[in-house]
Amino acid sequence: MRVFTAALATETNTFSPIAIDRRAFEASLYARPGEHPATPTLCTAPITVGREVCAQQGWTLIEGSASWADPAGLIARTTYEELRDEILGQLQAAMPVDAVVLGLHGAMVAQGYDDPEGDLLARVRAIVGPDVLVCAELDPHSHLTAKRAAAANFFVAFKEFPHTDFVDRARDLWSIAVRALKGEITPLMSVFDCRMIDVFPTSKQPMRGFVDRLYGLEQSEPGVLSLSVIHGFMAGDVPEMGTKIIAVTDGKAEAGAALAEKLGRELFALRGTFMVAQVDEKAAVDAALAAPTGPVVIADVWDNPGGGTAGDATVILAELIGRGISDVAVGTIWDPIAVQICMAAGEGAQIPLRFGAKSAPHTGSPIDKLVMVKRLVHNAEMRFGESFAPFGDAAWISFDGIDVILNSTRAQSFDPSLFSAMGIDPESRKILLIKSTNHFYDSFSKIASQIIYCAAGKPYPNTPATTPYRKARRDIWPMVENPWAL
Ligand SMILES: [Zn+2]
């Protein structure tokens with residue numbers, strides 16, 4: 001057997017001002033054939049797992065290129081086309097193949113392409129013909145278009161959010177592919193459109209229980225090979241945005257469709273109950289002041305660079321400044337220009353500085369202060385689990401009892417080590433203001449006296465009912481109360 005594998009992935013927030021080109025992929029992950037590191041990244045596990053599986057089976061794995069860019073705004077048209085054509089050229093050269101196993105994200109959007117993955121998969125199908133197995137692993141924060149579903153045999157999406165299971169799901173993908181190639185099963189994909197869009201953290205109920213049931217059904221239901229929830233991605237303004245259920249069965253399309261519908265209707269019945277409760281900036285600061293001890297963590301949940309925003313909103317900081325509150329550390333505010341100015345001024349300098357809120361509307365106003373440049377660090381890094389996340393050249397500035405870390409590489413606040421990397425002891429401050437939706441929780445909960453989830457400003461289109469979509473469908477909840485009556 002000859003199997004071709006490759007990866008092309010990013011998550012595009014079409015409302016983000018951070019347009020990206022090839023450099024964004026090269027900065028995050030760009031590996032030519034055979035150069036992918038031994039450790040998988042979020043959307044490239046089909047390559048590393050494929051190496052193990054093909055070695056075990058004695059099959060030939062032909063590796064194409066693997067590219068991943070951190071979440072941001074639209075991809076330049078030529079960048080997408082170059083990366084796509086690179087993979088298609090490699091596939092053409094590898095022909096004939098018995099299967100194509102891809103690592104995708106599923107929420108890419110490029111200038112001129114609302115459905116890049118559909119475009120890529122349709123071109124893959126055109127090269128290999130109708131009888132070759134084509135499958136891919138997806139992030140659940142993706143758009144499941146009809147074009148994609150028609151071009152591929154099946155998809156497997158991560159079940160967990162946070163996505164702790166991306167390697168396990170790549171194993172599921174390969175295990176189904178191997179059995180299909182051996183002629184043991186015929187994977188068929190059934191899709192149900194839940195007519196909704198929501199956010200579904202699996203770290204809490206009710207999604208925890210729902211996902212646990214999916215694991216159970218995969219074991220107990222005869223003929224069911226894989227069940228996935230495509231959560232959808234509300235920051236992607238594309239025509240087929242929304243939540244879907246995928247059931248992959250062994251040749252039982254009707255039973256798969258019925259199961260997908262049953263699960264989809266259950267999910268719809270739970271709409272609006274999945275998210276952690278959030279407060280606005282005034283209530284967040286009130287709650288932080290009322291806490292007897294620190295550090296109280298205020299998470300600016302929607303200005304999360306991990307969701308493609310700039311990460312330079314100042315709404316909560318302005319609330320703290322306006323009320324004269326001190327003993328605060330802020331990590332981080334993205335402002336490469338301000339960092340450059342601090343670097344030129346040097347440690348110990350006192351300078352007038354304008355910083356933050358320069359990238360997008362509804363993120364507050366730039367802050368103007370006479371600041372002390374306390375510490376400068378080149379190529380700063382914070383811990384993230386077993387690995388490290390870079391946040392670029394960074395400056396610790398201080399004014400009125402408030403310490404702010406300005407960074408030059410967008411990064412969400414994964415870990416309190418972002419403060420210690422700059423010389424700030426996070427446990428010594430009453431209030432820590434950070435930018436992250438969900439990933440921060442594990443590490444910050446270990447030092448926090450209290451955690452407050454704050455929705456401030458509008459850096460991210462987090463209320464689909466009122467988001468000014470131009471392309472996304474409007475026949476789903478919460479844009480309409482009852483989409484089933486339409
Ligand atoms: Zn995701």
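Values as computed for the structure displayed
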{"read-out": "Listed residue (MET196, ALA177, GLY232) projecting farthest to the positive dipole end of region 173-280, Cβ model", "value": "ALA177"}
{"read-out": "For the chain, size of Cβ-based charge dipole, Lys and Arg +1, Asp and Glu -1, in debye", "value": "420"}
{"read-out": "Cα Rg over Rh - region 14-119, Kirkwood", "value": "0.98"}
{"read-out": "Histogram of C-alpha separations across region 127-198, 5 Å bin width, %", "value": "3, 14, 23, 24, 20, 10, 4, 1"}
{"read-out": "Net charge of Cβ neighbours under 10 Å - reference ALA69; Lys, Arg +1; Asp, Glu -1", "value": "-2"}
{"read-out": "Accessible area per residue in Å² at 1.4 Å probe, computed on region 162-223", "value": "43"}
{"read-out": "For peptides 178-190, 214-226, 43-55, sequence by mean Cβ density within 10 Å, most packed first", "value": "43-55, 178-190, 214-226"}
{"read-out": "Mean Cβ count within 10 Å, highest first, over the residues of peptides 447-460, 28-41", "value": "447-460, 28-41"}
{"read-out": "Tilt relative to the chain, helix 207-220 - C-alpha long axis, 0 to 90 degrees, to 10", "value": "20"}
{"read-out": "Total formal charge among the other residues, if their Cβ is under 14 angstrom from that of ASP368, Lys/Arg +1 and Asp/Glu -1", "value": "+1"}
{"read-out": "The chain - share of DSSP beta bridges that are antiparallel (%, nearest 5)", "value": "45"}
{"read-out": "Candidate lysines - alpha carbon under 20 Å from LYS159, same-chain residues fewer than 8 apart omitted", "value": "LYS204, LYS244, LYS262"}
{"read-out": "Per-peptide average of other Cβ atoms within 10 Å, ordering 386-398, 340-352 highest first", "value": "386-398, 340-352"}
{"read-out": "Only Lys, Arg (+1) and Asp, Glu (-1) charged, at Cβ; region 27-119 dipole about Cα centre in debye", "value": "240"}
{"read-out": "Positive-end residue, the chain charge dipole about Cα centroid, Cβ charges, pick of GLY256, LEU42, MET382", "value": "GLY256"}
{"read-out": "Solvent-accessible ranking of HIS378, HIS141, largest area first, probe 1.4 Å", "value": "HIS378, HIS141"}
{"read-out": "Radius 14 Å from Cβ of ARG354, net charge of other residues (Lys, Arg +1; Asp, Glu -1)", "value": "-1"}
{"read-out": "Within the chain, helix-based [θ] at 222 nm, where runs of 4 or more DSSP H residues each add -39,500 (n - 2.57), nearest 500", "value": "-8500 deg cm²/dmol"}
{"read-out": "Dimensionless Rg over Rh [region 94-135; C-alpha; Kirkwood]", "value": "1.02"}
{"read-out": "Kirkwood hydrodynamic radius (C-alpha pairs) into Stokes-Einstein, the chain, 37 °C and 0.692 mPa s, D in µm²/s", "value": "140"}
{"read-out": "Dipole-positive endmost among PHE268, PRO162, PRO116 within the chain (Cβ charges, Cα centre)", "value": "PHE268"}
{"read-out": "Using distinct alpha-carbon pairs, which all enter the 1/r mean, Kirkwood radius of region 187-242 in Å", "value": "13.0"}
{"read-out": "Rg over Rh [alpha-carbon atoms, Kirkwood Rh] for region 336-409", "value": "1.00"}
{"read-out": "For region 302-447, accessible area per residue (1.4 Å probe, heavy atoms of protein chains only), Å²", "value": "39"}
{"read-out": "Region 272-368: C-alpha gyration tensor shape, a/c 1.5 cut-off, then a/b vs b/c", "value": "oblate"}
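The values are calculated or read from the model by the stated rules, or taken from the named source; none is laboratory data. Computed from a predicted structure; not experimentally measured. FYI the Cβ positions are ideal-geometry reconstructions off the backbone, even for glycines, and counts take in every protein chain you see. Only protein heavy atoms, including side chains, enter the accessible area calculation; ligands, DNA and RNA are left aside. Shrake-Rupley method; radii C 1.70, N 1.55, O 1.52, S 1.80 Å.
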